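In what follows, a single structure is set out as structure tokens and then discussed.
The values are calculated or read from the model by the stated rules, or taken from the named source; none is laboratory data. Worth saying up front: this structure is predicted, and the values here are computed from it rather than measured. Positions of Cβ are generated from backbone atoms using ideal geometry, with glycine treated the same way; all protein chains shown enter the neighbour counts. Surface accessibility is based on the protein's heavy atoms, side chains included, excluding ligands, DNA and RNA. Shrake-Rupley method; radii C 1.70, N 1.55, O 1.52, S 1.80 Å.
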Amino acid sequence: MKQKNDLFEELNINPKNRDVCSPFAVDIQAIKRNVNRTLDSAYTERKTVIMKSKKKTACIALAATLALSVTAFAANGIVSNWFSSSSAIADYKTLPTAQQVKNDIGYTPILIDSFANGYTFKDGNIINNNLKDENNNSIEKFKSVSFDYEKDDDIVIFSQDKYNSQAELQGSVAKTVGDTDIYYYSYTNKFVPADYTLTDADKRAEANGDLVFSYGAAEVEISEVQSATFVKDGTQYQLLQINGKLSGDELVKMAEELVA
């Protein structure tokens, strides 16, 4: 079996950044192809990396990208850190049954094999989540799922999270289906090295909402992020694209299918 360090070299992951990553700056297709191709035959140990930004904190596995456009509140205050981890290898290589997912995470998911626009189920993961306060005290732990849908090498991530802490969705209502509001949110993420010093222009862009900063990159990278999110029966559902091909209207249209 190959050693972990050897695999990081094969995956072109800089040693200085093995423990820090941002979901908003990940090249999903390249990372997943490399991870799955290498790890399927050699390395099955779970690998968790951490992303930090002003608006979001998440902990994600190399082969699973997760972004959460929410501000969460617990009974004793704001949830400052949202840590999520998953296996580097897909837990679901075919669309699972509702009972299978319920057994895995404790609640029934929305399952769809393909969307009307041609995005088809590729694979999925069970996500372990841990919400913590600013003092790093655990507030709530829960499991969720994240599914990838693909069309012409373009990925849409569909995550499903059910937790007790209250959440305030970011963005604005783009569509209302029945009594369910679908929120659309988009922004530019600037992924920078851990020791990066914000310029005056950066500070202005961050202050007016033009940029969200994430730290831990080998070099500065810019990513366009968009999501369509809704809450139904106590579960939050989110469709996410990072540097994707879809328009905002097209992403919201996919969310409409899920609501229906």
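When the stretch 133-188 is examined, which residues are found to be of a type in the set (S, T, Y) and under 24 Å from A260 (Cα atoms)? Working first, answer last.
Step one: of the stretch 133-188, the residues of a type in the set (S, T, Y) are 138, 144, 146, 149, 159, 163, 165, 172, 176, 180, 183-188.
Matches in the stretch 133-188: S144, S146, Y149, S159, Y163, S172, T176, T180, Y183, Y184, Y185, S186.
The criterion of at least 3 residues that are in contact (Cβ under 8 Å) with a residue 24 or more places away in the chain and open to solvent by 30 Å² or more (accessible area, probe 1.4 Å) is met, among strands (runs of 3 or more DSSP E) falling completely within the stretch 189-260, by 221-232. Within the stretch 161-180, the residues that satisfy the criterion of being open to solvent by less than 60 Å² (accessible area, probe 1.4 Å) and at pLDDT 95 or above are A174, V177, T180. For the stretch 78-111, a residue qualifies if it is outside any loop (DSSP other than H, G, I, E, B) and at pLDDT 95 or above, and the qualifying residues are Y92, A98, Q99, Q100, V101, K102, N103, D104, I105. Taking the stretch 150-160 as the range and being open to solvent by less than 10 Å² (accessible area, probe 1.4 Å) and farther than 15 Å from Q226 by Cα as the test, only Q160 passes.
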